[in-house]
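Each remark here refers to the structure printed beneath this line.
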Amino acid sequence: PSPRNLKDHHMKQIAEKGGLIGITYFRPAVCGHPKDPLAEIVDQIHYAISTIGIDHVALGSDFDGAVYTPFDTLGVVNISAALHLRGYGWDEVAKVMGGNALRFFLEYLPQP
């Protein structure tokens, strides 16, 4: 566990207010499979979905360069495939991969 990781009760409070939890890709925020970063990330996504529901989970890549991530944007497609292999339907995968974030931004950002 990392100090950046949210406790379950915090995740639930965020979801109850309509918020999103972004799952990051860098160690030590993800944990469990040090030799398989993709499995770590998918485990974290699955845990969040199990805890707060699929409509409140998104990607939080940390591609800002401040931390090392195990892959760049070209590797994100592997998350989609791994989620599908884990049993999620493509419509559910689409929510996590960007649909939830798009819905959230369209709902809460001011209109031009």
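Each label point is 7 Å from the Cα along the Cα-to-Cβ direction; what then is the distance between the points at Ala94 and Asp62, in nm?
So the two model labels end up 3.0 nm from each other.
So how much accessible area does Tyr108 have, in Å² to the nearest 10, using a 1.4 Å probe?
For Tyr108, solvent-accessible area is about 120 Å².
Once you keep just the Cα pairs under 8 angstrom separated by 6 or more residues, what percentage relative contact order results for the chain? Don't jump to the answer; show the numbers that get you there.
On the way: 123 pairs, mean separation 31.1, N = 112.
Normalised by residue count, the contact order of the chain is 28 percent.
About its Cα centre, what dipole magnitude does the chain give when the only charges are +1 on Lys and Arg Cβ and -1 on Asp and Glu Cβ, stated in debye to the nearest 20? Can you show the working numbers first?
Numbers: 9 positive and 12 negative charges, 40 e Å.
That gives a dipole near 200 debye.
Phe26: net charge of surrounding residues, Cβ under 12 Å, Lys/Arg +1, Asp/Glu -1, itself excluded? Intermediate values should be presented prior to the final figure.
On the way: positive: Arg4, Arg27; negative: Glu40, Asp62, Asp64.
Neighbour charge sum, excluding Phe26 itself: -1.
Run the reach check for Lys7 against lysines, Cα to Cα strictly under 20 Å, same-chain hits fewer than 8 apart removed. What comes back?
Lys17
Using label points projected 7 Å from each Cα along Cα→Cβ, tell me how many nm separate Gln111 and Leu74, to one decimal.
4.1 nm
Count charges around Arg4 for me, please; just the other residues with Cβ under 12 Å from its Cβ, Lys/Arg as +1, Asp/Glu as -1. Don't jump to the answer; show the numbers that get you there.
Working: positive: Lys7, Arg27; negative: Asp62.
So the environment of Arg4 carries a net charge of +1.
On the accessible surface of the chain, probed at 1.4 Å, how many percent belong to carbon and sulfur atoms?
Numbers: 4170 of 6870 Å².
The computed percentage sits at 61.
Counting only heavy atoms of protein chains, what accessible area per residue, in Å², does the chain have with a probe of 1.4 Å? Write down the numbers at each step before the final one.
Values: 6870 Å² over 112 residues.
About 61 Å² of surface per residue is accessible.
The values are calculated or read from the model by the stated rules, or taken from the named source; none is laboratory data. Keep in mind it's a predicted model, so treat the numbers as computed, not measured. Ideal geometry is used to build each Cβ from the backbone, glycine not excepted, and the neighbour counts take in all protein chains shown. Surface areas here come from the heavy atoms of the whole protein model, side chains and all, with no ligands, DNA or RNA. Shrake-Rupley method; radii C 1.70, N 1.55, O 1.52, S 1.80 Å.
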